[in-house]
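Comments concern the structure below.
The values are calculated or read from the model by the stated rules, or taken from the named source; none is laboratory data. In this text the structure is predicted, and so the values were computed from the model without any measurement. For neighbour counting, all protein chains shown are included, and Cβ atoms are generated from backbone atoms with ideal geometry for every residue, glycine included. Surface accessibility is based on the protein's heavy atoms, side chains included, excluding ligands, DNA and RNA. Shrake-Rupley method; radii C 1.70, N 1.55, O 1.52, S 1.80 Å.
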Amino acid sequence: MKLFPIAATMLLSAGLSASAATDKAVVTLNDSPFATDTIMPEIYGQFAEHLGTCIYGGLWVGPDSPIPNTDGYRNDVLDALRDLKVPVLRWPGGCFADEYHWMDGIGPKENRPRMVNNNWGGTVEDNSFGTHEFFNLCELLGCEPYLSGNVGSGTVEELARWVEYITAKDGPMAALRKQNGRQEPWKLKYLGVGNESWGCGGDMLAPYYADLFRRYSVYCRNFDGNRLYRIASGASDYDYSWTETLMKKIGHRMNAISLHYYTCRSWTGPKGYALDFTPDQYYWTIGKCLEIEDVVKRHAAIMDVYDPDRHVALLVDEWGTWWDEEPGTVKGHLYQQNTMRDAMVAALSLNVFHKFTNRVRMTNIAQIANVLQSMVLTRGDQMVLTPTYYVFRMYVPHQGARVIPCHISSKTMEADNERSASKRKFQTISATASEKDGMMTISLTNVDLENGCEVTVELGNTDRKHVTGQILTAKNISDYNDFGKTEMISPRAFSNARLSGNTLTVKMPAKSIITLTLK
Ligand code: AHR
């Protein structure tokens, strides 16, 4: 595989030799009174599945654990996640959701039946983390719960009763909840009607799933002022016909449809290791990651046909990097380390989601702890914060802010495309901007491994006097934070941004992510 920087008309750099150079790029903010779209905080959503050590060991150690905890939840992880202002947490799966029977996860722990987690390594699940433990966690984090209901192997009655158990004030399910220690109903907004119903969630065809969705919608009711936001199980990556069928048949009945897009070579085949990759493989990752823009655009265009007023949202409720499991870890537990390459994928993906605020109203990176592109990794009583975690922390000011559209002119590169003979082309600079409470936030990414870039940001008609910043970068793109070692990657103060009138000049090092705050 070979990477070729290409001589396009947009190419602003003079030097493309192997030696390091400083490129130039221009980012123009196109703010206008009509730019009113909000970056929904839910775009920064998380996902926690009963998979590997995401729940057990990652979030939950139980109240009797020697690991410092609050009612069973790890204190170190809780503290770290609070700084991310997690807006929504999806649970219990993933594929696990369609084999999960919620009644097994309530009541005295010693009476809870065990089950085999067939999707994920055949691990025995003791159901000690169930509905109450999940909703209490959401309360501790101050986030919305997002339940993925079992459609694949459950019944309409089972899911209908789960909703009743959680949200009803009175009645037999409410009585059971009270008996289990929770008097007041919880609020439940986000209800996923199945997960990957075309695959692990039941291997269904789209028209059949659409009919099922209608049945579930009837019986999953709104109790006592609770209002469900019903999410149809959507397509994976390039399956546009699934979206088309669902929009045609049930577009008027659902609040949202999901989409899963992983930055990986194939869902089932070899993917390469998180810590071991060549520059060509790195650039392949960048190209694949950025292809999500085209994928979202095409799903959104289909939705526009059936829902021109954009009532139905597109939720990318699983995304992120997916590498081969780290050698020496349990097969089926999807444990992977997280490098500066993963941080790049996080920043680039978030920048893309900000471009589709009129359709993309939630996304959930997979997953929150110890699985795929995690925020935190735990081992016994130790925890590390991943480079991806730091991107999410640097991007907090974008949550709930008004997006400012931007145009970018920078060097382009291209990388191999396993799906076609033509290469994937991408710009080396990516940018996003937003404004909230009088503060402007600009995030910039330079994916080039060799060359720095002087980025001129034309701010337009705005009156800014002061700029501060943070940078995330690494000596090597494969650097990562490891247990018991000095942290290699974390944000540092960045002072190489100069404000002159309405022009900001930013000197970006190679492979860096910068967030600037302008007041
Ligand atoms: O995140 C891992 C798995 O990927 C999820 O369980 C499933 O929905 C998807 O295939």
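For the reader, a short list of remarks on this structure follows.
- Net +/- balance of residues flanking Arg112 in space, Cβ distance below 14 Å, scoring K and R +1, D and E -1: -3
- Environment charge at Pro68 (Cβ cut-off 13 Å; Lys +1, Arg +1, Asp -1, Glu -1): -4
- Nearest-20 debye value, the chain charge dipole, Cβ charges on Lys, Arg, Asp, Glu: 1040
- Accessible surface, the chain, averaged per residue in Å² (probe 1.4 Å): 38
- Cysteines not pairable in the chain (beta carbon separation under 4.7 Å absent): Cys54, Cys138, Cys143, Cys220, Cys264, Cys289, Cys406, Cys453
- Overall form of segment 399-519: oblate. Here a/c, set by the Cα gyration tensor axes a ≥ b ≥ c, is 1.5 or more, and a/b is not larger than b/c.
- Rounded, prolate or oblate (a/c below 1.5 giving rounded, otherwise prolate when a/b exceeds b/c) for segment 125-193 by Cα gyration tensor: rounded
- Remark: for residue pairs Lys411/Lys507; Lys85/Lys475; Lys24/Lys271; Lys355/Lys475, the C-alpha separation exceeds 25 Å in Lys85/Lys475; Lys24/Lys271; Lys355/Lys475.
- Pairwise centroid distance, computed over Cα atoms, of segment 336-410 with segment 192-256, Å: 26
- Once the Cα atoms are used to define both axes, helix 156-167 deviates from the longest principal axis of the chain by about 80 degrees.
- Mean ellipticity per residue at 222 nm, deg cm²/dmol - from DSSP H runs of n ≥ 4 across the chain, formula -39500 (n - 2.57): -6500 deg cm²/dmol
- Along the axis of the charge dipole computed for the chain (Cβ charges of +1 for Lys and Arg, -1 for Asp and Glu, origin at the Cα centre), the listed residues Gly269, Thr329, Cys453 are led at the positive end by Cys453.
- Of the solvent-accessible surface of the chain, computed with a 1.4 Å probe over protein heavy atoms with every protein chain present, carbon and sulfur atoms account for 50 percent.
- Three-way shape label, the chain, alpha-carbon gyration tensor, a/c 1.5: prolate
- 10 Å Cβ shell holding at most 14 others, DSSP loop, GluC sites (Glu not before Pro): longest site-free stretch of the chain: 1-417
- Assuming charge only on the beta carbon of Lys and Arg (+1) and of Asp and Glu (-1), the dipole of segment 380-435 about its Cα centre is about 240 debye to the nearest 20.
- Summed side-chain charge close to Phe392 - residues other than Phe392 whose Cβ falls under 10 Å, Lys, Arg +1, Asp, Glu -1: +1
- Net dipole in debye of segment 364-519 [+1 Lys, Arg Cβ; -1 Asp, Glu Cβ; about Cα centre; nearest 20]: 220
- For segment 430-473 versus segment 264-295, the inter-centroid distance based on Cα atoms is 26 Å.
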